[in-house]
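These notes concern the structure reproduced below.
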Amino acid sequence: MRIAAALLWCLTAPALAGVPEPEGFRGEPYRAEVPATVMGRPGLSPEEAEALHAQGVPFLDVLPHAARPEGLPEGTVWREKPHLTIPGATWLPNTGYEALAEPDAAYLRQGLERATGGDPEADVVVFCKRECWMSWNVAKRAMEWGYSGIHWFPGGVEAWQDLGGDLEEVQPAPR
């Protein structure tokens, strides 16, 4: 019986593990099921994120910035939708793509430097939306750059709202 149970576990364990971590960074589609871990570290539960927020740990929102659509006729009024995020979060848009142009990588490094006060061991929470690889990519990239206090919040703003948390409108952090 133990052999049968062990065999059953071996056959079902990979299915229970969910999405595996990719070797590199994840590209399109960015809105898809994510792994439970980044570089082997588990993502934060909403309650854990809420506790870190209450402690004053910096939060970095890495959701992309919606650009003005190309090809709009001249004179067309373009109104950007407000960007709503977790209160106090710093918005570092366009830093979660699979590959980053050097100006975007420098912008992310600058944002991490400001958030940590130059201490690569300082706690920082990285997030965007639920089932979004952008925050996973940023968390992994920051860890590879030597930031050991990175916490990934895979539930993002939706999980925050599910807890009853408010959101606030923000502008992108200066470059």
Out of the DSSP beta bridges found with both residues in the chain, what percent are antiparallel (nearest 5)? 40
Nearest-ten-degree value, helix 102-116 long axis tilted from longest Cα axis of the chain: 80
Below 8 Å, C-alpha to C-alpha, sequence gap of six or more: please give me the relative contact order for region 55-174 in percent. 34
Work through the residues other than residue 18 whose Cβ is under 13 Å from its Cβ and net out their charges, Lys, Arg +1 and Asp, Glu -1. -3
Compute a Gaussian network model of the chain, connecting alpha carbons closer than 10 Å, and tell me which residue from 81, 140, 129 fluctuates the most. 81
Between the Cα axis of helix 133-144 and the main Cα principal axis of the chain, the angle (0 to 90°, nearest 10) is 80
Radius of gyration and Dmax for region 67-175's Cα atoms, expressed in Å? 15.3, 49
In debye, nearest 20: dipole of region 19-86 around its Cα centre with unit charges on the Cβ of K, R (+) and D, E (-)? 180
For the chain, which whole-number percentage of the solvent-accessible area (1.4 Å probe, protein heavy atoms only) is attributable to carbon and sulfur atoms? 55
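Over region 31-162, average the accessible area per residue using a 1.4 Å probe and give it in Å², no decimals. Before the final figure, lay out the partial values.
Numbers: 6390 Å² over 132 residues.
Solvent-accessible surface per residue comes out at 48 Å².
The values are calculated or read from the model by the stated rules, or taken from the named source; none is laboratory data. Computed from a predicted structure; not experimentally measured. Neighbour counts are summed over all protein chains in view; Cβ atoms, including those assigned to glycine, are modelled from backbone coordinates with ideal geometry. Remember, those area values only see protein heavy atoms, side chains included, never the ligands or the DNA or RNA. Shrake-Rupley method; radii C 1.70, N 1.55, O 1.52, S 1.80 Å.
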